[in-house]
Amino acid sequence: MGSKMNLKSVVIVVIAMLLISSFPVTNVCRHSSISPILIKEKTAHSYSLPPPKKVDIPLEIAIARRKSVREFNETPISDEILSTILWAAYGYINDEKRTIHGIEGYAAKIYVLKEDAVYFYDPVNHSLVFYKEGDYRRRVAQYEAPIQLGIVWNKNKSSNENYVTAEIGQIGQNIYFMANALGLGAVTTVGFTLSAIGLPSNEIPKIIMPLGYPKCPYNFTYKPMLLSNLPPVKNSTMSLSDAIYNRSETTTWKGEINEQEISQLLWAAYGFSYYIDNCITEKNKIVRHRTIPSAHAYYPLKIYAVTKDGVYRYVAGLYRYYMWNLPVLHSLVKIRRGDYRKEIADASSMPSISSAPLILISVLDIRMTKGMIGLWDDFSGEEFRWLWYYEAGASAYNVLLEATAWNLSANIAFPVDSQAILNVLLLNQNFLPLLIVPVGE
């Protein structure tokens, strides 16, 4: 009797299961911790980006045209254009190499705020992944634009805020360069308002870059620097896309470096554009832009060059920026004779740089972060130090690209004995070495 009842029960259960399985079930997630609605929305809103375009503008022209754009029209940005900019910013070149140097293990993440929703960029699959529905652009923006790019620090991947922000500085440079080359513009702004989209607890907002077509179209006049003891900056034969794609890095160096190459590298690191900007508006009063941006246009970095012949300081101008059509400096001043490359190498994270024919060091002048003539914000505190690492990262990345364009290789090292470096550079405690860039063959 019991065995018959058990067999009958099994048959009933099997029939019931077959009947249930015959009815269609759509978008049901069988994992209890994930909402079926969320899965449906992600499927509907996430999408692969088209292949990035190849941009043929010469690298130096892209660097010279870099400017901060704060006024945009409403022209929509195509997926192809967005794809190209995002790939340049943080994409993959191959399985092992990305478009920027991994200063701190690639601990950044890019959010893309569009009219319909918030996405984040997936560099592995070169796609946009749905994050949150709704238009959050005005809620986070300092300047309105068709797209807002929010870049965050993922604390799960790195605990070093300064070095991660130096990595973000490289991302920002490629956004500037590629956007400009494609007729768009961008500007670096503070990122704390990105919290409005509801970030995970391990992600700290750092910067927001509005992206769009400028209201005032680009209009430059070639007018190179007149006061210089360095050779004039020349355009190489390498395009922006090729420089990004072929970025050449090494940990061993050989050969020599000539004056023309030194001139190119210093200019890329922290110089002034050889163009005059004819698009002057209420929000763009700068006539001659610099190769990298700076918070509040403070430009507090000093670039030092160390070779076998001595220690030099790069002088890029008498002013931080130029609102007038004036010539600017592009010069190298010798401050010490002798070969101090080994001393710098021993005080760095990469001792092999002692054989590099050129070592560039970005040094923060802390006094220049306290505000212009005491009128602007004081950013000299430790809590603001990341701002200047962003700037140093942007500068170092320019050198990596420019070195590649001139058939050289470079890398980025860190100070491990700042006092030893200051001693070589004859500097006091008002200065802080940030990044070291060795260059050579």
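With among the hydrophobic types (A, V, I, L, M, F, W, C) and either surrounded by fewer than 16 Cβ atoms within 10 Å (Cβ to Cβ) or under 20 Å from the mean Cα position of the chain (by Cα) (or both) as the only criterion, which of 77, 100 stands out?
Selected residue: 100, the only one of 77, 100 that is among the hydrophobic types (A, V, I, L, M, F, W, C) and either surrounded by fewer than 16 Cβ atoms within 10 Å (Cβ to Cβ) or under 20 Å from the mean Cα position of the chain (by Cα) (or both).
Taking region 362-405 only, how many residues are under 20 Å from residue 167 (Cα atoms) and either under 17 Å from the mean Cα position of the chain (by Cα) or among the basic types (Lys, Arg) (or both)?
Here the count works out to 19.
With under 20 Å from residue 391 (Cβ atoms), aromatic (Phe, Trp, Tyr) and surrounded by fewer than 17 Cβ atoms within 10 Å (Cβ to Cβ) as the only criterion, which of 192, 177 stands out?
Of 192, 177, the one residue that is under 20 Å from residue 391 (Cβ atoms), aromatic (Phe, Trp, Tyr) and surrounded by fewer than 17 Cβ atoms within 10 Å (Cβ to Cβ) is 192.
Name the pairs: first residue in region 376-399 and touching a residue at least 40 places away in the same chain (Cβ under 8 Å), second residue of a type in the set (Lys, Arg) and in a helix (DSSP H, G or I), Cβ to Cβ under 9 Å, at least 6 apart or on different chains?
So the pair list comes out as 379/385.
Condition first: touching a Gly at 6+ places or on another chain (Cβ under 8 Å) and buried (at least 19 other Cβ atoms within 10 Å of the Cβ). Now tell me which residues in region 341-370 satisfy that.
356, 357, 358
Considering every residue within region 16-29, establish whether at least one is modelled with pLDDT of 50 or more, loosely packed, with under 14 Cβ neighbours inside 10 Å and farther than 30 Å from residue 405 by Cα.
no
Here's a check for you: in region 262-290, which residue that is closer than 22 Å to residue 72 by Cβ and among the charged types (D, E, K, R) is surrounded by the fewest Cβ atoms within 10 Å (Cβ to Cβ)?
282
Could you give every pair whose Cβ atoms fall below 8 Å, whose first residue belongs to region 345-357 and is assigned by TED's automatic domain parsing to the domain that holds residue 416, and whose second residue is outside any helix (DSSP H, G or I) and hydroxyl-bearing (Ser, Thr, Tyr), counting only separations of at least 6 or pairs across chains?
Close Cβ pairs satisfying both conditions: 350/251; 352/251; 352/252; 355/252; 357/307.
Assess whether residue 230 counts as being within 23 Å of the chain's Cα centre (by Cα) and either exposed (fewer than 13 other Cβ atoms within 10 Å of the Cβ) or among the hydrophobic types (A, V, I, L, M, F, W, C) (or both).
Criteria not met by residue 230.
Based on this model, can you work out whether residue 63 counts as in a helix (DSSP H, G or I), farther than 22 Å from residue 194 by Cα, touching a residue at least 40 places away in the same chain (Cβ under 8 Å) and not assigned by TED's automatic domain parsing to the domain that holds residue 288?
Yes, satisfied.
So, restricting to strands (runs of 3 or more DSSP E) that lie completely within region 220-336, which ones have at least 3 residues that are out of contact with any Asp or Glu (no Cβ under 7 Å at 6 or more places or on another chain), assigned by TED's automatic domain parsing to the domain that holds residue 393 and modelled with pLDDT of 95 or more?
The strands (runs of 3 or more DSSP E) meeting that bar are 301-307, 310-315.
Can you pull out the residues in region 105-126 that are crowded, with 21+ Cβ neighbours inside 10 Å, in contact with a Lys or Arg (Cβ under 8 Å, 6 or more places away or on another chain) and not hydrophobic (A, V, I, L, M, F, W, C)?
Within region 105-126, just 121 meets the criteria.
If you go through region 197-215 one residue at a time, do you hit one that is more than 30 Å from residue 144 (Cα to Cα) and not hydroxyl-bearing (Ser, Thr, Tyr)?
Scanning region 197-215, I find no residue that is more than 30 Å from residue 144 (Cα to Cα) and not hydroxyl-bearing (Ser, Thr, Tyr), so the answer is no.
This table checks each residue for (1) polar (S, T, N, Q); (2) surrounded by 24 or more Cβ atoms within 10 Å (Cβ to Cβ); (3) in the same structural domain as residue 176 (by TED's automatic domain parsing); (4) closer than 22 Å to residue 233 by Cα.
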{"position": "388", "(1), (2), (3), (4)": "no, yes, no, no"}
{"position": "401", "(1), (2), (3), (4)": "no, yes, no, yes"}
{"position": "412", "(1), (2), (3), (4)": "no, yes, no, no"}
{"position": "420", "(1), (2), (3), (4)": "no, no, no, no"}
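I'm trying to understand the selection: among the residues of region 127-153, which are in contact with a Phe, Trp or Tyr (Cβ under 9 Å, 6 or more places away or on another chain), surrounded by fewer than 20 Cβ atoms within 10 Å (Cβ to Cβ), more than 21 Å from residue 204 (Cβ to Cβ) and not hydroxyl-bearing (Ser, Thr, Tyr)?
130, 144
Is it the case that some residue within region 352-369 is in a helix (DSSP H, G or I), hydroxyl-bearing (Ser, Thr, Tyr) and farther than 23 Å from residue 332 by Cα?
Yes: one or more hits.
The values are calculated or read from the model by the stated rules, or taken from the named source; none is laboratory data. Keep in mind that this is a model prediction, so the values were computed, not measured. Glycine also receives a Cβ, built like all others from the backbone with ideal geometry; neighbour counts cover every protein chain displayed.
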